[in-house]
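Reading through the structure tokens given below for one structure.
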Amino acid sequence: MRPTLPAAFITLFVSLSGCAKDYSLAPPPDSEQITVTVKVPKELTAETMQVMYRSTLCTFTDYTASGRPYQRDGHQSVDIQPVRQGQSDLYEAKLAMDGGGVCRWRLSNVTFGVTYENPESFGESVSSGAGGGVVVVFDQNNSPRGGTGIPIEGDVTINKDYYPWLKESFLDGYSKRISLAGEGGIYLGYQALQARRVHFEPTLHSSFLVRSEGTKVHKIGSFIKFTYPDGSSAADGRSVPNFRKLQSIRLAAESNK
């Protein structure tokens, strides 16, 4: 048994030469592991983790913008569902650093996060949106989201504030989504070369809802309108809520209690 990678993810790939070659992940039982833990607030749920492995042995040909070929490290991803720890709000996954196999796969990065468990609680037509994501890179390669992220020495502990963001869009089809507004956009990025533990603890301030109404026409000077928890509004060209303003509104409200 290899607890970090279910058998459903073991796949046979075909080499570029046309010969069948087993590119599958096969982490040895004694592989060193990285433990990723997410402390999930009420109303949210832990998303499936996207784990990427790379190989310097099993490469493939890519092309520059000018059409010149060059060799790139092979890579493949697996999805791993974090497991709830007893009746707690902690969800955990253990990632094998050594992916094994003939390609000698090595753990490269993991993408994970939280999202709303029941978006319909915000309205019948509301779906889950973006935000609440984290990417941690364990080598020198860029993440799937671009860049290697903020360098961290040792293990990684992430504590961040989030606010519910009800986003209404009209262009290219109507949609209404409940997202998480936080510091740093949709994904927070980190590079942790020595990490053996990653802990993510998001704090959801559910009573401080920010709403946005998208523009209905393509027109210069027509911007998204944000309405903040204190009733103030702004259409100043931002594509995401003003996080500092949300923090200020919450802290002022809490200090007046």
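The values are calculated or read from the model by the stated rules, or taken from the named source; none is laboratory data. Small disclaimer: the values here were computed from a predicted structure and weren't measured. Cβ coordinates were reconstructed from backbone atoms using ideal geometry, including for glycine residues, and neighbour counts include every protein chain displayed.
Table for the structure above
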| read-out | value |
| --- | --- |
| Selection status of S127, hydroxyl-bearing (S, T, Y), in contact with a helix residue (DSSP H, G or I) (Cβ under 9 Å, 6 or more places away or on another chain) and more than 26 Å from R54 (Cβ to Cβ) | yes |
| Selection count, the range 192-233, where residues are hydroxyl-bearing (S, T, Y), surrounded by fewer than 19 Cβ atoms within 10 Å (Cβ to Cβ), in contact with a strand residue (DSSP E or B) (Cβ under 6 Å, 6 or more places away or on another chain) and without any contact (Cβ under 8 Å) to a residue 24 or more places away in the chain | 2 |
| Residue check, G189 surrounded by 15 or more Cβ atoms within 10 Å (Cβ to Cβ) and closer than 17 Å to G129 by Cα | no |
| Any hit, the range 122-138, residues being in a loop (DSSP other than H, G, I, E, B), free of Cβ contacts under 8 Å to residues at least 40 places away in the same chain and loosely packed, with under 15 Cβ neighbours inside 10 Å | yes |
| Residue selected from the range 56-92 under the condition small (G, A, S) and surrounded by 10 or more Cβ atoms within 10 Å (Cβ to Cβ), by the criterion farthest from L107 (Cα to Cα) | S88 |
| Qualifying positions in the range 160-176 - more than 21 Å from T203 (Cβ to Cβ) and charged (D, E, K, R) | E168, D172, K176 |
| Conditions (1) at pLDDT below 95; (2) within 14 Å of V36 (Cα to Cα): number failed by R196 | (1) |
| Considering residues of the range 23-66 that are of a type in the set (K, R) and assigned to a strand (DSSP E or B) only, the residue farthest from the chain's Cα centre (by Cα) | R54 |
| Cβ-Cβ under 8 Å pairs, at least 6 apart or on other chains, the range 59-87 side under 21 Å from G100 (Cβ atoms) and touching a residue at least 60 places away in the same chain (Cβ under 8 Å), far side assigned to a loop (DSSP other than H, G, I, E, B) and among the polar types (S, T, N, Q) | D73/N141; Q76/T11; D79/T48; I80/T4; I80/T48 |
| Given (1) part of a strand (DSSP E or B); (2) within 22 Å of the chain's Cα centre (by Cα), index of the condition R211 fails | (2) |
| Close pairs from the range 147-162: first under 26 Å from L44 (Cα atoms) and modelled with pLDDT of 95 or more, partner in a strand (DSSP E or B) and among the charged types (D, E, K, R), Cβ under 7 Å, at least 6 apart | D155/R197; I158/E201; N159/E201 |
| Answer from G113, G99 - the residue that is farther than 30 Å from S206 by Cβ, in contact (Cβ under 8 Å) with a residue 40 or more places away in the chain and in a strand (DSSP E or B) | G99 |
| Condition met for E153 (among the acidic types (D, E) and not in a loop (DSSP other than H, G, I, E, B)) | no |
